[in-house]
Structures are given as C-alpha cells and as structure tokens.
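S.K.: Got a structure for you, written out below as structure tokens; questions coming shortly.
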Amino acid sequence: MTAMQPGEQRDEVEMLSLMLLIRRFEERASQQYQAQKVGGFCHLYIGQEAVVAGAVAAVRDDDYIITAYRDHAHALARGTSANACMAELFGKETGCSRGLGGSMHFFNRQNHMYGGHAIVGAHVPLAVGLAFAIKYRDEDRVTLCFFGDGAINQGSFHEALNLAALYKLPIVFICENNLFAMGTSVKRSTSLKQIVDRAEGYDIPGEIVDGMNFREVRDKVAEIVDSIRKESHPAFVEVRTYRYRGHSMSDPASYRTKLELEKYRLDDPITRLRAQLTREGKLTNEQFDLLDKRSKEMVLASVKFAEASPQPPIEKLHDFTYADGAKP
Amino acid sequence: MREITYRQALNEALAEELERDPNVFLMGEEVAEYHGAYKVSQGLLERFGPRRIIDTPISENGFAGLGVGAAMVGLRPIIEFMTFSFSLVAFDQVVNNAPNMFTMSGGQFNIPITFRGPNGPAHQLGATHSHATENFYASVPGLKVCTPATPRDAKGLLKTAVRDNNPVLVLEAELLYSSKGMVEPPDEELLIPLGKAEVKREGSDVSVICYAQTVPLALKVAAQLEEEDISAEIVDLRSIKPLDEKAIFDSVAKTHRVVIVEQDHPFCGVGAEVCYRIQRNIFDEIDAPILRVSQEDVPMPYNERLEKAVLPNADKLLAAVKQVCYA
C-alpha cells in the first residue's frame, strides 16, 4: 500500500482489490483447514471485509492497529503478504509470526499491526497502551482497536475505555458487531439496546456505521481520526456487520436462520462497492474479473508457498521465550 | 556505603532509572499525588511530573494491560501493584499478554516491562491480602521473578529489571520496607544481575536457602545456631527465575545438608523446585533428606496467633535445621 499524504484518499479500486484478496484468502483457508493443513482454531472474516478495509483506508500507514482473533484480514489490510499469512496458518517458519502464533496471533511489526489477540477483550487495554505511547511521545498517530460484540461485556474492555477517556488518548474503538459472540446473540449477552451506548457511559463520543458499506466506514472513521489528530481523545464506532460463516471452522452456526444469512448476502460489501464503482464509471466488469483472478492466483500461490516452506526448527524451540535468549 | 531503608533504596532506583531513560514511566494506584501506598514513590511526582508519574483508577487489569501495550512500542513501563495480591485481578495481562507476546509474534515484540510492589504475607491482613505469588509467576515461561531481601538488593535488582528487555516481576517484601542496610552512594551505579544468588552468611554445616522475608529470619536463626555450634550458610536466592543453580549446588557441596525456608505455600512451592534440582544434579552430595519450611497449606487466617502458626518462624526453622543435622 502506498503512503498517503494529508487530505489524500486511498484508491477505491485498490481497496476493493484488498477486500477480494481477504475473501479469497479466507475461502482458501477454510478449504485448507478442512484438508487438515491448518490446525487449532480458525475464524473467518467473510462478510466483514468492508470494516477493516474502510477503517484502514481512513488512516495513515504509521497509525497503529490491533485486533482480536479474527485477524487474517487485518494483517492482509496492513500489507502482510498472503504468503506470510497462509504460511502462519500452516505453522511454518515463513509465517508472519514464524509459525509460533497461528491463526489467532498474526503480527506485523513493520507495518504497525500489533496482533492478533485471542483472549476476548484482553487486547483492549493493550490498545490503550499503544495510544498512551502516542500521547507520551507527543505524536499525531492514532490507534484503531478492533474487537467484536462479545468483548464489550469483559471487565478489561470497561477498564480500558475508562482509562482512554480519563487520559484523553488518541484511539478509535471499533466494535465489529456481527450480532453473535460465538453462538450467543447480542440480545442474549448485552443489557443495552445498542452497543454504542457503552461509550456514553465513559463520556466517549460514539457512532453507528453500516459495516457492509465501505465508503460509510471509511468516511466516518476518517472524520473521527481527523478530529483526534486535532485534539487527542478516544472515540467509539459500532460497525454493524455480519459474518457469513460460523464463529470458527467448527461452528455450523445453527443458531441463526438461512433467511437471515441470505438477507445479509444480498447486501454483500464487495458487491456493493463494485456496483458503486461500476455505476460511476470507475470500474468495468473486465477490470473486476481481472482483480478477482489476481486475488485467486495470489492465494493459490500462497498455499504452494506455505506447503513448500520449512517447519520452525526444533533446535530454536527455546529461542523465542526471552528477548535476551535467557534459558532459566 | 551508607545506611538507608529498603523503601529509600527502591525510591532511588526508580528516580535513577527515570532520570536515565525518558522511555521509563511509573504508573499505578496512588503512585503520584499520594506518593505511593507504601511511600516508595515519595517525591517522584514533584521531580518528574504527571506525564511520567501517573495515578490510575483501581483497574489493575486495565493499567497492567496499558503497560504491556506501551511496551510493545518501546516504552519501558514500571507498573506498581499496591500489593501483588491485587495483581491477581490483572493475572491475564501478567501471565497471558506480557510473557507470551515475544513467542506469539515470532520474536517481533519483546515486552520490556517491570511489575513491582509488595508481595507476601504482612501482618493480619487476612487471606485476600497475604498472597505470596512467587511460585505461580515463576512457573510461567517468559517471566522473570526476583525477590530482594535487603536495601542493596532492592535497589540493584529493580534497576536491572527496568533495563531488562523482558517482563520482570520485582516482588518486594512488604514487611521489610522500613528495614535498613548498607548501600553504595547514589553516584555509584548499582546493578545486581537477575539470576544471581548471594551467600549472606558463610557456614559449613548446613545450607539454609531463603529469599525475601525469610532472609532476615534465616540470619537470625543462624546466629542462634552458632551458639549451639552449628554453622549455617545462608543462601539468599534473590531471583526465583532465573534460578542460580550454581550458587545452590556450590553451597550444598560444601555443607551436604539443606533446609529451604520459603514464604509461599508448600504445594508446588519454590522449595519444591529447588529440592528437585538438588537431588537431580548433586544427589551424592546430600547426607540427609532435604527439608522445607513454608507457610501452612491454608488460606491466611486473620487471627494473630493463627497467622503466626501459618508462617515460617524461628522455631520451625531451628527444628528443621537440627533435624537435617541430626543434632
């Protein structure tokens, strides 16, 4: 991704291409999981692509992002190669966390992607720490902290929001509300009528955004980030989205109806951005097909790369426990 | 050398490290305007200002996690727990986030953070406020744990912890904050490496292995034993993890008899690990079964007489030493 200048916007066709890459990557990850090439848990992002694409399109490359365990898309959105992502799923040394993290722990230090965190809500204080460091150093970056609707009832989430508001830290809390925390619907988990009201309890400004609409996510996050760069403060966005697949690969999602899923599929974020761009004469069908073909090829190549990559050596097992190589 | 308190020694360590490195900050409950619940951070707010000496609400999970996040981007937080009993509220951050990050990220993110505060039973605080946490934290790969017993060790170990590139827990001894000891003058840099024990008193008949609040106890008992012609060598572990095996083995090879006196509980306690390593590595050097003196395996009672019965004390240690010496 190219570096953005102030006032400049990322190319929408490029962002559509990213959304396609995410979708094709996840489809292929699913297939490889079923083929038992991928171990552990694997949570797919299909249906939610506009959320991360829109949010990342609204910030600079040197802004910090951090998320929970449904993190493949966030790593890809931050320029981690499909190769490094797929290799991580395969547990290979060439993976974005050297095969030591797995699906739920993708990291990319160079591109300011701070994980990949698998304990629900536990990374929200970390995100506040990233934002604290920004303010401590008097920088004009922001932190985007992504989490699901399941995180908002954890104590760590509440403590983090209070600290962010108290210290006026530059952070956008982005709740990817896909309506289900694993199999528990928001209605069954949360005492509020709408999640965004959680922010009000901490005097943090909140917004609701349509997460199936790339432009709406981007424009709202851009507006908030602009305000934060002028004067540091936290903000909260409830992004309403939907995951087409179950919570993880092992979840058939029998707690919701086919009808509900179909309703959201009709509002697919990729189809929608494609239609917007086509209508405005910015994208032809041929161009779209080419983008999709490229995504598929890239992902297919990543599987080959992951297959061919070496296992992390057993001799290095103790090298990644302490930064100084201590072996107590 | 001059004589200062354990509390002053910690205060000097904090001030020197804050002065040396602008990435270092101190955060915790009551550390700034109140000067610390135990006055360890006395005067630091005035000297370094509210940007670097930061009061928090009562949110251990939140501010411990904030510290870990800040450490991901190169700050070097010192997070004070008012007591390590309260660190249990932040257990997820201390155990799951701080030490796992380096591994989970394939070595991309090390976490240079210091968690510090009083640890271990104090006086009649009851079960929730009396936890000795060293054995559970030492069992976590990726954490380092030290337990200073003297003002000199407190200063030297804390300074080293702040400079370490890994999460380090400095478990201060709640009952020793006002104790005094000789420490190098402030213009002399004092760094004590992690993982280095110290023989606090030389002896030839029995090795008493101790740390934190059990060090002054062991020294007191050693003086009593001397009157009975038993020469006890007092080995202060200083760090629980990394553990200084060599110092332990050297002492045991000299005395051939061992008592471990620890402030935690007996089940899976620090002494169990030390005992295992001795028999595994230098079995032939031992002339008597190794004994451990620890807390009783019960939640701490409030009642003063019962509390005393739970804790290691001079009588228990004396009896254990005599037993291993067949005296």
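The values are calculated or read from the model by the stated rules, or taken from the named source; none is laboratory data. As the structure is a prediction and not an experimental result, all values here were calculated from the model. Quick reminder, even Gly has a Cβ in these numbers, built from the backbone with ideal geometry, and neighbours come from all protein chains shown.
S.K.: Just one of (1) facing chain B (nearest Cβ under 10 Å); (2) without any contact (Cβ under 8 Å) to a residue 24 or more places away in the chain trips up A:A122, so point out which.
M.R.: Looking at each condition in turn, A:A122 falls short on (2).
S.K.: Further, regarding this structure: Among the candidates A:A87, A:A53, single out the residue that is modelled with pLDDT of 95 or more, of a type in the set (G, A, S), surrounded by 24 or more Cβ atoms within 10 Å (Cβ to Cβ) and closer than 23 Å to A:V209 by Cα.
M.R.: After applying the criteria, what remains is A:A53.
S.K.: Of everything in the range B:217-247, what is under 19 Å from the mean Cα position of the chain (by Cα), in contact (Cβ under 8 Å) with a residue 24 or more places away in the chain and either assigned to a helix (DSSP H, G or I) or assigned by TED's automatic domain parsing to the domain that holds B:P148 (or both)? Give them in sequence order.
M.R.: Passing the criteria: B:L217, B:A218, B:E245, B:A247.
S.K.: Go through the range A:244-302 and give me each residue that's in a loop (DSSP other than H, G, I, E, B), on the phi < 0 side of the Ramachandran plot and more than 21 Å from the chain's Cα centre (by Cα).
M.R.: Across the range A:244-302, the qualifying residues are A:P252, A:S254, A:Y255, A:R256, A:T257, A:L266, A:E280, A:K282, A:L283, A:T284.
S.K.: Got a sec? Which helices (runs of 4 or more DSSP H) wholly within the range A:116-215 have at least 2 residues that are under 20 Å from A:D71 (Cα atoms)?
M.R.: Where helices (runs of 4 or more DSSP H) fall fully within the range A:116-215 and carry at least 2 residues being under 20 Å from A:D71 (Cα atoms), they are A:123-136, A:155-166.
S.K.: Select from the range B:92-130 the residues that are more than 7 Å from chain A (Cβ to nearest Cβ) and closer than 20 Å to A:D71 by Cα and list them in ascending order.
M.R.: Selection gives B:A98, B:N100, B:M101.
S.K.: Restricting attention to the range B:80-113, which residues are among the charged types (D, E, K, R) and either assigned to a helix (DSSP H, G or I) or not assigned by TED's automatic domain parsing to the domain that holds B:A173 (or both)?
M.R.: Hit for the range B:80-113 is B:D92, nothing else.
S.K.: Do we find a residue being closer than 27 Å to A:D226 by Cβ, in contact (Cβ under 8 Å) with a residue 60 or more places away in the chain and away from chain B (no Cβ under 14 Å) anywhere in the range A:22-35?
M.R.: Within the range A:22-35 (the criterion being closer than 27 Å to A:D226 by Cβ, in contact (Cβ under 8 Å) with a residue 60 or more places away in the chain and away from chain B (no Cβ under 14 Å)), the answer is no, since none of the residues qualifies.
S.K.: Between a residue in the range B:162-179 that is farther than 18 Å from B:Y137 by Cα and any residue that is among the aromatic types (F, W, Y), which pairs come within a Cβ distance under 6 Å, given they are 6 or more apart or on different chains?
M.R.: Note: pairs meeting the criteria are B:L176/B:Y6; B:Y177/B:Y6; B:Y177/B:Y38; B:S179/B:Y6.
S.K.: Take the residues of the range B:53-73 that are more than 23 Å from B:Y6 (Cα to Cα) and either among the hydroxyl-bearing types (S, T, Y) or outside any helix (DSSP H, G or I) (or both): which is farthest from the other protein chains (Cβ to nearest Cβ)?
M.R.: The qualifying residue farthest from the other protein chains (Cβ to nearest Cβ) is B:I58.
S.K.: Inspect all residues belonging to the range B:36-51 and state whether any of them is within 8 Å of chain A (Cβ to nearest Cβ) and in contact with a strand residue (DSSP E or B) (Cβ under 8 Å, 6 or more places away or on another chain).
M.R.: Checked the range B:36-51: at least one residue is within 8 Å of chain A (Cβ to nearest Cβ) and in contact with a strand residue (DSSP E or B) (Cβ under 8 Å, 6 or more places away or on another chain).
S.K.: Something else: How many residues does the range A:125-149 contain that are crowded, with 23+ Cβ neighbours inside 10 Å and either touching a Gly at 6+ places or on another chain (Cβ under 9 Å) or within 7 Å of chain B (Cβ to nearest Cβ) (or both)?
M.R.: Total meeting the criteria: 11.
S.K.: Sticking with this structure for a sec: Does B:T83 count as β-branched (V, I, T), facing chain A (nearest Cβ under 8 Å) and either more than 23 Å from A:S97 (Cβ to Cβ) or under 23 Å from the mean Cα position of the chain (by Cα) (or both)?
M.R.: When the stated conditions are applied, B:T83 does not pass them.
S.K.: Spot the failing condition for B:P77; the list is (1) out of contact with any Lys or Arg (no Cβ under 9 Å at 6 or more places or on another chain); (2) farther than 22 Å from A:V142 by Cα; (3) outside any helix (DSSP H, G or I), and only one is missed.
M.R.: So B:P77 meets the others, but not (2).
S.K.: Restricting attention to the range A:32-43, does a residue exist that is within 20 Å of A:N178 (Cβ to Cβ), surrounded by 24 or more Cβ atoms within 10 Å (Cβ to Cβ) and hydroxyl-bearing (S, T, Y)?
M.R.: Checked the range A:32-43: no residue is within 20 Å of A:N178 (Cβ to Cβ), surrounded by 24 or more Cβ atoms within 10 Å (Cβ to Cβ) and hydroxyl-bearing (S, T, Y).
S.K.: Is it true that some residue in the range B:22-37 is touching a residue at least 60 places away in the same chain (Cβ under 8 Å) and either in a helix (DSSP H, G or I) or out of contact with any Cys (no Cβ under 6 Å at 6 or more places or on another chain) (or both)?
M.R.: The answer is yes, given that some residue of the range B:22-37 is touching a residue at least 60 places away in the same chain (Cβ under 8 Å) and either in a helix (DSSP H, G or I) or out of contact with any Cys (no Cβ under 6 Å at 6 or more places or on another chain) (or both).
S.K.: Here's a follow-up. So in the range B:163-175, with the set limited to residues that are closer than 18 Å to B:T150 by Cα and surrounded by 24 or more Cβ atoms within 10 Å (Cβ to Cβ), which one is nearest to the other protein chains (Cβ to nearest Cβ)?
M.R.: Among residues in the range B:163-175 that are closer than 18 Å to B:T150 by Cα and surrounded by 24 or more Cβ atoms within 10 Å (Cβ to Cβ), the one nearest to the other protein chains (Cβ to nearest Cβ) is B:L169.
S.K.: How many residues does the range A:212-238 hold that are touching an Asp or Glu at 6+ places or on another chain (Cβ under 7 Å) and farther than 19 Å from A:A164 by Cβ?
M.R.: Selection size over the range A:212-238: 2.
S.K.: How many residues are surrounded by 19 or more Cβ atoms within 10 Å (Cβ to Cβ), more than 17 Å from B:C146 (Cα to Cα) and aliphatic (A, V, I, L, M) if we restrict to the range B:261-290?
M.R.: Matching residues across the range B:261-290 total 2.
S.K.: For A:D324, work out the one condition from (1) in a loop (DSSP other than H, G, I, E, B); (2) of a type outside the set (V, I, T); (3) in contact with a strand residue (DSSP E or B) (Cβ under 9 Å, 6 or more places away or on another chain) it doesn't fulfil.
M.R.: So A:D324 meets the others, but not (3).
S.K.: While we're on this one: Any chance you could count how many residues in the range A:264-315 are of a type in the set (S, T, N, Q), under 27 Å from A:R240 (Cα atoms) and crowded, with 18+ Cβ neighbours inside 10 Å?
M.R.: Looking only at that region, the number is 1.
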